[in-house]
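*Asks:* A single structure is presented below for examination.
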Amino acid sequence: MKISSLLILIALVSCSSKKDTQGTEAPSGVTNESFKKEKVLKTAEIEDFYPVGVKSLNPALEDETLDRYTSGELEKLSDSTDPLLQLSLKCISGQYEEAFEAASKMFNRYQKLATYWNQIANCHLNNGAYRKALLFYNKALEVSPNYVPALNNIGVMYSRQGLHQKAQVAFERAFKQSKFSKTPRYNLARIYLTFGLADQALPLFQGLLNSSPSDIDLLNAVGSSQYLLGDYQKAMNSFAKIPQEEWSKAEIGLNIAMSYKKLGRDKDAQKIFLNVDKPKSDELKRYYASIGKLLGDNE
């Protein structure tokens with residue numbers, strides 16, 4: 001890793017926002033007992049987005065995805081009576097058997113909603129079952145051919161498999177389909193930034209930040225983009241808007257230390273570095289060690 005480049009640790013996120021119509025194929029586990037007569041829901045009868053009502057540190061995408069919520073924020077949603085939200089929470093927490101059982105019970109009522117199939121696909125995605133995930137994303141697209149969350153999530157799936165070019169195509173298709181959908185825009189910018197295309201990533205991140213100026217991930221993303229473009233003072237101005245209690249997180253504090261270093265403020269860089277919590281992931285450990293060596297840390 002070249003130390004001149006920041007480590008980009010802004011996660012790609014699945015999109016779970018709700019929309020759309022038609023289709024019929026029961027998920028595995030559905031039995032004849034499931035086919036009691038129930039009113040089949042239509043798109044107009046559900047909310048288009050999650051009315052979560054929970055204040056988040058990363059509010060920009062809060063109505064489209066749960067992926068950027070902290071565990072504490074997710075806990076506050078556990079009392080919700082929304083079956084689709086409960087299905088998402090089970091998947092996020094790794095309760096896959098319970099999630100698929102709940103999905104089977106929901107089939108009759110929700111079978112014509114693309115979001116239902118999208119949620120099942122997300123469960124398989126989180127469980128690492130990529131082929132099954134793709135089958136259910138395609139089912140969502142069969143129900144609604146231009147369903148943006150499924151298009152976006154196919155991109156997330158490809159990215160997790162290391163198929164970044166396919167991921168980029170999926171994100172671009174989702175973004176083209178709906179310029180107002182924030183999650184595909186965020187993920188597309190993240191892909192651009194990963195490959196050093198900061199000039200293309202920055203306007204996408206900046207547009208999202210303009211609507212949610214306190215979003216920590218976006219402040220970090222904008223700062224990272226500015227850093228990669230050589231605008232070190234602008235990068236530091238962006239990083240400085242992140243609450244200082246967050247600077248101890250390696251994915252934030254290490255980038256701030258590097259910005260101070262580039263500005264010739266070695267003492268400030270060292271101070272920030274020494275207050276960063278030692279990371280657990282291998283990628284962050286390597287980045288932490290390389291910056292420590294650059295700053296003369298002898299630990």
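*Asks:* Out of Lys241, Lys182, Lys234, I need the residue that is over 24 Å from Lys278 (Cα atoms), at pLDDT 95 or above and either in contact with a strand residue (DSSP E or B) (Cβ under 7 Å, 6 or more places away or on another chain) or among the basic types (Lys, Arg) (or both). Which one? Before you say what the answer is, go through the steps one by one.
*Replies:* Numbers: Lys241 fails: over 24 Å from Lys278 (Cα atoms); Lys182 fails: at pLDDT 95 or above.
One residue alone meets the criteria, Lys234.
*Asks:* Which of (1) surrounded by fewer than 16 Cβ atoms within 10 Å (Cβ to Cβ); (2) basic (Lys, Arg); (3) within 14 Å of Gly292 (Cα to Cα) is the odd one out, the single condition Lys280 does not satisfy?
*Replies:* (3)
*Asks:* Checking the structure you have, find out if any residue of segment 267-275 is open to solvent by less than 10 Å² (accessible area, probe 1.4 Å), in contact (Cβ under 8 Å) with a residue 12 or more places away in the chain and over 24 Å from Gly296 (Cα atoms).
*Replies:* no
*Asks:* I'd like to verify a number: residues in segment 170-186 that are of a type outside the set (Ser, Thr, Tyr) and closer than 16 Å to Pro145 by Cα, how many?
*Replies:* 8
*Asks:* Looking at Tyr96, Tyr116, Tyr158 in this structure, which one is at pLDDT 90 or above and within 30 Å of Ser224 (Cβ to Cβ)?
*Replies:* That would be Tyr158, the only listed residue that is at pLDDT 90 or above and within 30 Å of Ser224 (Cβ to Cβ).
*Asks:* For segment 194-225, how many residues meet the condition of being open to solvent by less than 40 Å² (accessible area, probe 1.4 Å), free of Cβ contacts under 8 Å to residues at least 24 places away in the same chain and within 22 Å of Glu246 (Cα to Cα)?
*Replies:* Here the count works out to 3.
*Asks:* Residues in segment 172-183: is at least one open to solvent by less than 70 Å² (accessible area, probe 1.4 Å), charged (D, E, K, R) and within 14 Å of the chain's Cα centre (by Cα)?
*Replies:* Looking through segment 172-183, at least one residue is open to solvent by less than 70 Å² (accessible area, probe 1.4 Å), charged (D, E, K, R) and within 14 Å of the chain's Cα centre (by Cα).
*Asks:* Take the residues of segment 115-161 that are hydroxyl-bearing (Ser, Thr, Tyr) and assigned to a loop (DSSP other than H, G, I, E, B): which is farthest from Lys179 (Cα to Cα)?
*Replies:* If we filter segment 115-161 for residues that are hydroxyl-bearing (Ser, Thr, Tyr), which is where we start, we get 115-116, 130, 137, 144, 147, 158-159.
Still in the running and assigned to a loop (DSSP other than H, G, I, E, B): 144, 147.
Numbers: Ser144: 18, Tyr147: 13 Å.
Within segment 115-161, the match that is farthest from Lys179 (Cα to Cα) is Ser144.
*Asks:* Hey, any hits in segment 74-82 for a residue that's in a helix (DSSP H, G or I) and in contact with a Cys (Cβ under 6 Å, 6 or more places away or on another chain)?
*Replies:* no
The values are calculated or read from the model by the stated rules, or taken from the named source; none is laboratory data. These figures come from a predicted structure and were not determined experimentally. All Cβ positions, even for glycine, are placed from backbone atoms using ideal geometry, and neighbour counts span all protein chains on display. Only protein heavy atoms, including side chains, enter the accessible area calculation; ligands, DNA and RNA are left aside. Shrake-Rupley method; radii C 1.70, N 1.55, O 1.52, S 1.80 Å.
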